[in-house]
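These notes are about the structure you will find just below.
Please treat every number below as a calculation from the coordinates, not as lab data. These figures come from a predicted structure and were not determined experimentally. Quick reminder, even Gly has a Cβ in these numbers, built from the backbone with ideal geometry, and neighbours come from all protein chains shown.
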């Protein structure tokens with residue numbers, strides 16, 4: 001059974017028409033090709049680690065998006081893409097600024113970045129690799145810092161039951177939150193951004 005968060009992600013992707021060259025960062029586990037509304041792409045590449053933790057499709061480009069030397073080599077070879085997808089990858093980064101800068105380098109002028117972020121999600125596999133979570137405002141600041149313009153930012157919302165138990169937990173722990181604040185009840189965000 002898919003989580004509410006996964007269903008929201010799949011519904012978002014299913015509305016996207018993809019045209020032009022496309023890079024799928026971290027896409028070896030679940031390639032983007034059959035997850036979007038339409039696909040008119042002549043040049044599609046998956047970038048992933050040399051040994052992805054799960055692999056349905058081998059990467060075309062073996063590189064860590066956080067590694068400047070690897071990306072610089074690709075950039076020098078004129079790898080520029082009209083679209084970059086980075087789906088369910090950001091929580092594994094230890095250097096999100098560098099990862100996003102590298103994606104911006106690989107985007108064509110007016111190129112589109114489609115990326116998902118978690119704010120609230122339990123630790124998951126691969127063990128020891130799950131590192132970061134992102135608030136809406138952290139995402140906005142990261143994007144601004146590297147010159148990407150956010151076109152849309154969609155909250156991944158908690159179910160009523162999830163919200164009930166989370167609020168119960170927060171209150172039991174004596175956390176002083178603004179319970180009327182909408183971001184308190186999001187699990188993450190789905191972002192479409194454009195290179196300025």
Just to confirm my numbers, what's the Cα centroid distance between the range 1-55 and the range 138-178 in Å? 24
P(r) tail for the chain, what percent of Cα pairs lie past 22 Å? 48
Given a Förster distance of 45 Å, the FRET efficiency implied by the Cβ-Cβ spacing of residue 110 and residue 171, rounded to the nearest 0.05, works out to 0.45
Just need the relative contact order of the range 1-63 here, percent rounded to a whole number, with Cα pairs under 8 Å and 6+ apart. 32
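Calculate the translational D of the range 104-153 in whole µm² s⁻¹ from Stokes-Einstein, where the hydrodynamic radius comes from the Kirkwood formula applied to all Cα pairs, the temperature is 10 °C and the viscosity 1.306 mPa s.
Values: Rh = 12.8 Å.
For the chosen part, D equals 124 µm²/s.
Rounded, prolate or oblate: pick one for the range 83-196, where a ≥ b ≥ c are the square roots of the eigenvalues of its C-alpha gyration tensor, a/c under 1.5 means rounded, and failing that, prolate if a/b is larger than b/c, else oblate. It would help to have the intermediate numbers written out before the result.
Numbers: a/c = 2.44, a/b = 1.78, b/c = 1.37.
Note, shape of the range 83-196 comes out prolate.
Note down the relative contact order for the range 4-195 as a percent, whole number, built from C-alpha pairs under 8 angstrom at least six residues apart. Write down the numbers at each step before the final one.
Working: 362 pairs, mean separation 39.7, N = 192.
Relative CO of the range 4-195 lands at 21 percent.
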Candidates 131, 86, 62; GNM for the chain (alpha-carbon contacts under 10 Å) flags as most fluctuating 131
Once the Cα atoms of helix 136-146 and of the chain are each reduced to a long axis, what angle between those two axes, in degrees from 0 to 90 to the nearest 10, is obtained? 30
Can you put 120, 1, 175 in order of Cβ neighbours within 10 angstrom, beginning with the fewest? 1, 175, 120
Need one number: nm distance between label points at residue 39 and residue 125, each 7 Å from Cα along Cα→Cβ, rounded to one decimal. 2.5
Where both residues lie in the range 4-195, what percent of DSSP beta bridges are antiparallel, nearest 5? 45
Report, in degrees rounded to the nearest 10, the 0 to 90 angle that the Cα long axis of helix 160-172 makes with the longest principal axis of the chain. 60
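Would you work out if the range 31-89 is rounded, prolate or oblate? Take a ≥ b ≥ c from the square roots of the eigenvalues of the alpha-carbon gyration tensor; rounded if a/c is under 1.5, else prolate when a/b is larger than b/c, oblate otherwise. List each step's numbers first, then the result.
Numbers: a/c = 2.05, a/b = 1.24, b/c = 1.65.
Here the range 31-89 falls in the oblate category.
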